[in-house]
1. Determine, yes or no, whether residue 141 is assigned to a helix (DSSP H, G or I) and surrounded by 15 or more Cβ atoms within 10 Å (Cβ to Cβ).
2. Where in the stretch 24-110 are there helices (runs of 4 or more DSSP H), lying fully within it, with 3 or more residues that are of a type in the set (A, V, I, L, M), surrounded by 19 or more Cβ atoms within 10 Å (Cβ to Cβ) and out of contact with any Leu (no Cβ under 7 Å at 6 or more places or on another chain)?
3. Being in contact (Cβ under 8 Å) with a residue 24 or more places away in the chain, over 28 Å from residue 60 (Cα atoms) and in contact with a Lys or Arg (Cβ under 8 Å, 6 or more places away or on another chain) narrows it down to one residue among 237, 243, 181; which is it?
4. Tally time: how many residues in the stretch 251-286 are aliphatic (A, V, I, L, M), crowded, with 19+ Cβ neighbours inside 10 Å and part of a loop (DSSP other than H, G, I, E, B)?
5. Out of the residues in the stretch 41-87 that are farther than 25 Å from residue 20 by Cα and among the basic types (Lys, Arg), which is nearest to the chain's Cα centre (by Cα)?
6. Taking into account only those residues within the stretch 149-169 that are assigned to a helix (DSSP H, G or I) and in contact with a helix residue (DSSP H, G or I) (Cβ under 6 Å, 6 or more places away or on another chain), which is surrounded by the fewest Cβ atoms within 10 Å (Cβ to Cβ)?
7. Collect the residues in the stretch 230-250 that are part of a loop (DSSP other than H, G, I, E, B) and not polar (S, T, N, Q), keeping them in residue-number order.
8. Determine whether residue 154 is in contact with a Phe, Trp or Tyr (Cβ under 8 Å, 6 or more places away or on another chain) and modelled with pLDDT of 95 or more.
Amino acid sequence: MNWIEVNGVGLRYCHRLGTGRRMVLIHEMGGSIESWLRVIEHLPGDANLICHDMRGAGLSEKIVETCNIDNHVDDLRELLKAVNFGGPVVLAGIAVGAAVAIRFASRFPSDVSHLIAMAPACGVPAQTRAATRQRARNIASQGMRGDGAALFERAFPQVLRTDTELYAAYRSRWLATDSRSLGALYGMLAEVDLTADLPQLPNRTVFVAGEHDPLRTPAEIDRLAALAPQIEALHISSGHFMSIHSPRFVARLLDAYPMDAASAASIYESFFAQPDNRVGDSGHAA
């Protein structure tokens with residue numbers, strides 16, 4: 001792990017050098033570099049990859065007031081420049097991290113060859129923005145045990161708690177998140193609208209929906225994907241935190257999707273057909 005100051009913020013990052021495909025991985029709200037570790041274990045050993053704690057997350061500098069999505073895009077852009085990690089890259093993100101990935105790919109299209117957006121947070125309906133802002137204020141002022149914990153429990157339903165130790169560890173890590181920073185990130189969602197970014201995304205773009213995700217439902221992912229013809233929508237037996245719930249499949253998708261013209265759906269079908277790649281009573285993707 002390393003730290004660097006770029007774009008006026010101190011960031012923790014991990015750069016695993018390799019001679020293979022270049023990948024950039026962006027974690028979810030409430031997550032950190034650790035969210036990707038079990039995925040990285042299953043990636044090819046020569047993958048050249050970088051991931052970081054977004055501002056306000058993990059061990060990066062915390063957010064004192066507010067932030068916007070372009071702050072996070074600029075942070076990543078300056079980090080990649082500072083460590084000479086040039087494009088085009090395979091760019092992947094989870095939830096809020098997927099939103100950052102989408103805006104990054106839209107602003108810097110020559111830097112991204114493939115985009116994998118899992119449970120992307122592309123905006124909040126107008127009728128729920130006021131409630132989103134209030135919940136963000138509650139999290140920031142009251143800590144992670146109230147609305148913050150309730151949000152986590154919704155995102156990590158019982159059906160996906162296959163590994164109780166993993167669930168307990170991830171829940172504890174979530175509760176240890178800086179509440180003021182998470183409140184700022186959650187409040188940011190009320191101001192995000194990525195609709196105009198979607199037509200600018202790479203020709204090889206997939207939006208992945210978890211069938212057990214109540215926050216970003218398959219129907220919502222289908223609606224978003226339909227806004228731009230190049231976006232493939234994929235439903236998988238997983239949840240909101242896909243790098244946690246289904247690290248083996250996420251690694252398979254990251255490795256296989258950029259290799260040729262195969263659809264994400266065909267990669268998933270091949271993976272899920274193997275009994276060893278289904279876990280728990282629900283048989284969700286490993």
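The values are calculated or read from the model by the stated rules, or taken from the named source; none is laboratory data. On a predicted model such as this, the values are computed, not experimentally measured, just so you know. Please note: Cβ atoms are built from the backbone with ideal geometry, for glycine as well, and neighbour counts cover all protein chains shown.
1. So residue 141 does not fit the description; no.
2. 69-82
3. Result of the check over 237, 243, 181: 237.
4. Result for the stretch 251-286: 1.
5. Ranking the qualifying residues of the stretch 41-87, first place goes to 55.
6. It comes out as 152.
7. 239, 240, 241
8. Judged against the criteria, residue 154 is not a match.
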